[in-house]
Amino acid sequence: MAFCSKCGTQIEDGKEYCAACDPANANQNKNQYQNQYQQAGAQQAAPEVFFPKADVEAGKVIAILMYIFPFLFFLPLVSDPKTAYGKFHANNALLILFMYVIASILVWTFIIPAVLWTAAFVYQILGIISPVKGSTKPLPLIGSLVLIK
């Protein structure tokens, strides 16, 4: 029984990498994940999107920081603009930031900001849990909105 030398996935004997980590398929795999992410944004019920384990591990800390401080949504776009994993979490952080901005603008209506701030805080918690667990499930209700492609 053999395991991928990059991600640890079980593979056929005699091979060094799994299909997702094989350097020969790197561009094809990256395009596949980016297309999967963009298609998930076009669907009504957003399914969980899967990314290469290497991208997930590399972007985990930045994703957590973005959910704690949503105004840092641009970090993965600056550090590695081609990673679909970073764009996925940057999009979620931007949506949370918009919720906070809209709540701040509507502060004079009293009840709407309280609901939006509470919802945004819950989304922040869900967002932090997602990269910690290695999951990429979109946020409920707003996760199907794709602002960063």
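Computed quantities for the displayed model
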read-out	value
Hits in region 61-111 (condition: in a loop (DSSP other than H, G, I, E, B), closer than 20 Å to Ser135 by Cα and hydrophobic (A, V, I, L, M, F, W, C))	Phe69, Phe73
Some residue of region 96-114 being closer than 21 Å to Gly59 by Cα and either under 13 Å from the mean Cα position of the chain (by Cα) or surrounded by 12 or more Cβ atoms within 10 Å (Cβ to Cβ) (or both)	yes
Qualifying residue in region 30-53 (condition: at pLDDT 75 or above and of a type in the set (A, V, I, L, M, F, W, C))	yes
Filtered residues of region 51-73 (kept if in contact (Cβ under 8 Å) with a residue 60 or more places away in the chain and of a type in the set (A, V, I, L, M))	Val56, Ala63, Ile64, Met66, Ile68
Residues of region 126-149 classified as in a helix (DSSP H, G or I) and free of Cβ contacts under 8 Å to residues at least 12 places away in the same chain, total	2
Pro76 vs. criteria touching a Phe, Trp or Tyr at 6+ places or on another chain (Cβ under 9 Å), within 27 Å of Cys18 (Cα to Cα) and free of Cβ contacts under 8 Å to residues at least 24 places away in the same chain	yes
Residue match in region 57-74 (condition: surrounded by fewer than 16 Cβ atoms within 10 Å (Cβ to Cβ) and at pLDDT below 90)	yes
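The values are calculated or read from the model by the stated rules, or taken from the named source; none is laboratory data. Bear in mind the structure is a predicted one, so any value in this text is a computation, not a measurement. Cβ coordinates were reconstructed from backbone atoms using ideal geometry, including for glycine residues, and neighbour counts include every protein chain displayed.
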